[in-house]
Amino acid sequence: MSTNPWGWQPNGPCRSEQAGCLIRLDGPDTGRFLHGQTSAAIEGQPAGSWIPTCCTTATGRLRTLAEVLLDGDGAWLLLSGGDGTALWQALDRVLFPADRVQLGPVTPVRWITPLGDDCDALPQGPEGSWISLEDSSGWLLGRQLVLLANQELPAWLADRAPLPAREQQRWRIQQGVPATPGEINDDTNPFEIGLADRVSLSKGCYVGQETLAKLATYDGVKQQLRRWFWRGTEGPVAPGTVLYSAKDGAGEKSSSNRAGLITSSLALDDDLWVGLALVRRQSLQQTSLRAGPAPQGPLLELSRTPAYVDPPVGAGRQP
């Protein structure tokens, strides 16, 4: 098989960008409200805290990734990889008159990450905290910048060229960052996608908590996200393609021996393909899987992504 492509780095000083949205919540009950509506522990955290979390459905399915930025008056809820308007509507439905929380509008933002050379010289926020820009046009999360969509880049980022769309997608896949619709949808939960560090199993009741606690207690996570690559010209390796064990014999393959499903794919130069896939737990120890039922179909090489956090096993509900 070809040389492992995962050492690729963007050339020179550059930046990646993704669209996101922001919802402002004001009022003294904001922390308690978000504590019950997202997967991380929010209530009681100090102003200035940056808390990565998830928004899930009542059955533990992943709706969107979220970052909670607490301040003295409430919080900013930063969303990526999902439908911000649909989440706003869900939050509005569960707000009662007794809740001292005011829900602001959905505001588009740009999520910018500097890459390549000279990143160490750029401004950086402290770990676990956020910093507002002096003109209040954006927020610094580590080295990442969240900027209101209609604002210009600050001088220290303006000279960094944006990554072309294909390179940006390659970087996302290489790091294992989930996106809609392949990895964030009504069929996946945070543990499968590698987001266990965004889920609290000890904070008590929240939307999706019962399902996620059962998954942890009974080792119920049936699939995990992996990245893959392949070199070949036999045809596209598209999202939705079923994966099978390379050890299976020739002939028609049934759903009983399916090993996974491709969720993202990208064609690069030199007949190189890279992507992400959800791999069933019985196949996680295999280093390669076959794309499609044909015995001579593309043989994809699998590996863990740098961002993946293993699902908890046997943690369940804790006091």
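For this structure, a couple of remarks:
- Qualifying positions in region 176-235 - assigned to a loop (DSSP other than H, G, I, E, B), touching a helix residue (DSSP H, G or I) at 6+ places or on another chain (Cβ under 7 Å) and closer than 24 Å to PRO5 by Cα: PRO178, ALA179, GLU183
- Sole residue being modelled with pLDDT of 90 or more and of a type in the set (D, E, K, R), chosen from LYS247, LYS214: LYS214
- Counting only residues that are more than 14 Å from the chain's Cα centre (by Cα) and in contact (Cβ under 8 Å) with a residue 12 or more places away in the chain, region 187-208 holds 9 of them.
Listed here are the residues, each with its yes/no results for (1) surrounded by fewer than 16 Cβ atoms within 10 Å (Cβ to Cβ); (2) more than 16 Å from THR64 (Cβ to Cβ).
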position: PRO97; (1), (2): yes, yes
position: VAL106; (1), (2): no, no
position: ASP118; (1), (2): yes, yes
position: ILE131; (1), (2): no, yes
position: GLU134; (1), (2): yes, yes
position: TRP139; (1), (2): no, yes
position: GLN151; (1), (2): yes, yes
position: ASP159; (1), (2): yes, yes
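- Among residues of region 44-60 that are within 13 Å of CYS205 (Cα to Cα), those with a beta-carbon under 9 Å from a residue that is among the basic types (Lys, Arg) and not in a strand (DSSP E or B) at least six positions away or on a different chain give the pairs GLY60/LYS214.
- Scanning region 207-236 for residues that are out of contact with any Leu (no Cβ under 7 Å at 6 or more places or on another chain), farther than 26 Å from GLY60 by Cβ and surrounded by 15 or more Cβ atoms within 10 Å (Cβ to Cβ) yields a count of 1.
- Residue match in region 80-92 (condition: part of a strand (DSSP E or B) and either surrounded by 17 or more Cβ atoms within 10 Å (Cβ to Cβ) or not assigned by TED's automatic domain parsing to the domain that holds LEU103 (or both)): yes
- Residue in region 45-62 that is charged (D, E, K, R) and either part of a strand (DSSP E or B) or touching a Gly at 6+ places or on another chain (Cβ under 7 Å) (or both) present: no
The values are calculated or read from the model by the stated rules, or taken from the named source; none is laboratory data. What you are looking at is a predicted structure, and each value in this text was computed from that prediction instead of being measured. Glycine also receives a Cβ, built like all others from the backbone with ideal geometry; neighbour counts cover every protein chain displayed.
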